[in-house]
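Have a look at the structure below, then the notes.
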Amino acid sequence: MINPPYYASDSRYDGEMKYERCGRSGLLLPRISLGMWHNFGDVNTLANSREMLHFAFDHGITCFDLANNYGPSYGSAEETFGLIMEKSFRPYRDEMVITTKAGHDMWPGPYGNWGSRKYLMASLHQSLRRMKLEYVDIFYSHRFDPETPMEETLQALVDMVRQGKALYVGISQWPYEAAQFAYDYLAAHDTPCLIYQGRSNMMDREKEREGIIRQAAENGVGYTAFSPLEQGILTDRYLNGIPQGSRASIGKFLKADRITPELVARLRQLNELAARRGQSLTQMSLAWLLKDSNVTSVIIGSSSVSQIRDSLGCLNNLTFSPEELQDIDRILFG
Ligand SMILES: NC(=O)c1ccc[n+]([C@@H]2O[C@H](COP(=O)([O-])OP(=O)(O)OC[C@H]3O[C@@H](n4cnc5c(N)ncnc54)[C@H](OP(=O)(O)O)[C@@H]3O)[C@@H](O)[C@H]2O)c1
């Protein structure tokens, strides 16, 4: 049977999702965004990808995070998104914030990696074709390139906005000093940086320690946290071994040897603490990030609708007592 047409849920803005202003911009972002790094490539079933995207949008997730090389294969997550755009999302395009990035390995030769204008411009054109879009809402420099003059990378971002191919720009994983240069350069060229995308979660506190989250706020720039669940470690996924098909079982980006008995013992304690708060471990992990109003959004990954449903539940309780915060630190680092 042919798939029935998609009509977005009428209740998608009924209050389940909360929206937060992104820095000093006019743009509101959902506190939970959906990332397509894993599980949306051409090795995955289109049916599952479609179901997850529809479910997310039906529950107020308006921000979809992509990059040129998400898959596998490279480009195929954007192609999947393009298929869904054509088949079901097109009438809702203006209700969505669609992002892409370039900066990591994409195609062979000297022009398919890092931060040159040549690479970034070509990559954006390819991304737009794959996603069947005229423009993206946010284009990110995916990483800092120590060998390309920062002015060249940043001017490419400015020009994308001037050409109408991106509405806003952001940077991801840039170090502190370079990020300040970027904020100043972009502001001086009438294209204020919208957002910093950085790796943060209960286990990975580096961006907080380095002052990157505070720096973004001070510069009127939003902050969005990626891998908020430490690729699945900060959920119940690995409490009873390594399930078939899980990221640790695939072992490319999350190695199975990280799931040690000592780590699992700590996760079990966290799981109990979450239960006392009336939350799943996934929900407590996301709430821990979202308690900070400088964290505009968290970009979750997912392999099923039920995981997205679980994550959404975090929004019911984003406050922690000082004792709970101390307990989390003691369990993880004590
Ligand atoms: N800017 C950058 O450099 C950068 C780098 C990495 C990621 N990102 C962005 O951030 C997004 C999220 O990254 P991530 O996928 O590492 O995020 P994550 O949310 O830390 O991990 C997602 C994984 O956790 C597991 N999971 C999620 N919800 C669960 C639940 N309720 N119960 C049990 N397990 C659950 C799933 O693992 P299984 O697949 O095993 O089920 C899922 O694939 C990416 O898609 C991408 O958009 C950006």
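The values are calculated or read from the model by the stated rules, or taken from the named source; none is laboratory data. Note that the structure is a prediction, hence the values are computed from the model and not measured. Note that each Cβ is placed from the backbone with ideal geometry, even for glycine, and that neighbours are counted across all protein chains shown.
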With criteria (1) crowded, with 16+ Cβ neighbours inside 10 Å; (2) under 30 Å from Asn3 (Cα atoms); (3) of a type outside the set (Val, Ile, Thr); (4) more than 15 Å from the ligand (Cβ to nearest atom), Gly112 comes up short on (2)
Region 4-96: strands (runs of 3 or more DSSP E) wholly inside it with 3 or more residues that are out of contact with any Cys (no Cβ under 9 Å at 6 or more places or on another chain) are 19-21, 63-65
In region 131-164, anything out of contact with any helix residue (DSSP H, G or I) (no Cβ under 6 Å at 6 or more places or on another chain) and in a loop (DSSP other than H, G, I, E, B) is listed as Leu133, Glu134, Tyr135, His142, Arg143, Asp145, Pro146, Glu147, Thr148, Pro149, Gln163, Gly164
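Could you please let me know if Ser302 is closer than 12 Å to Pro228 by Cβ and not basic (Lys, Arg)? Spell out the reasoning first.
On the way: closer than 12 Å to Pro228 by Cβ: yes; not basic (Lys, Arg): yes.
Answer is yes for this residue.
The rows are residues; the columns are (1) within 11 Å of the ligand (Cβ to nearest atom); (2) modelled with pLDDT under 95; (3) not small (Gly, Ala, Ser).
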site	(1), (2), (3)
Tyr19	no, no, yes
Ser25	no, no, no
Trp37	yes, no, yes
Ala47	no, no, no
Leu53	no, no, yes
Ile61	no, no, yes
Leu66	yes, no, yes
Asn69	yes, no, yes
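Quick grid of which residues meet (1) over 28 Å from Asn317 (Cα atoms); (2) of a type outside the set (Gly, Ala, Ser):
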site	(1), (2)
Tyr19	no, yes
Asp42	yes, yes
Ala56	no, no
Thr62	no, yes
Gly75	yes, no
Ile84	yes, yes
Val97	no, yes
Trp107	yes, yes
Expected output for region 296-308 (first residue farther than 12 Å from Arg237 by Cβ and more than 6 Å from the ligand (Cβ to nearest atom), partner of a type in the set (D, E, K, R) and not in a strand (DSSP E or B), Cβ below 6 Å, 6+ apart or cross-chain) is Ser297/Arg31; Val305/Glu51
Taking region 100-116 and keeping residues among the charged types (D, E, K, R) and farther than 21 Å from Tyr196 by Cβ leaves Asp105
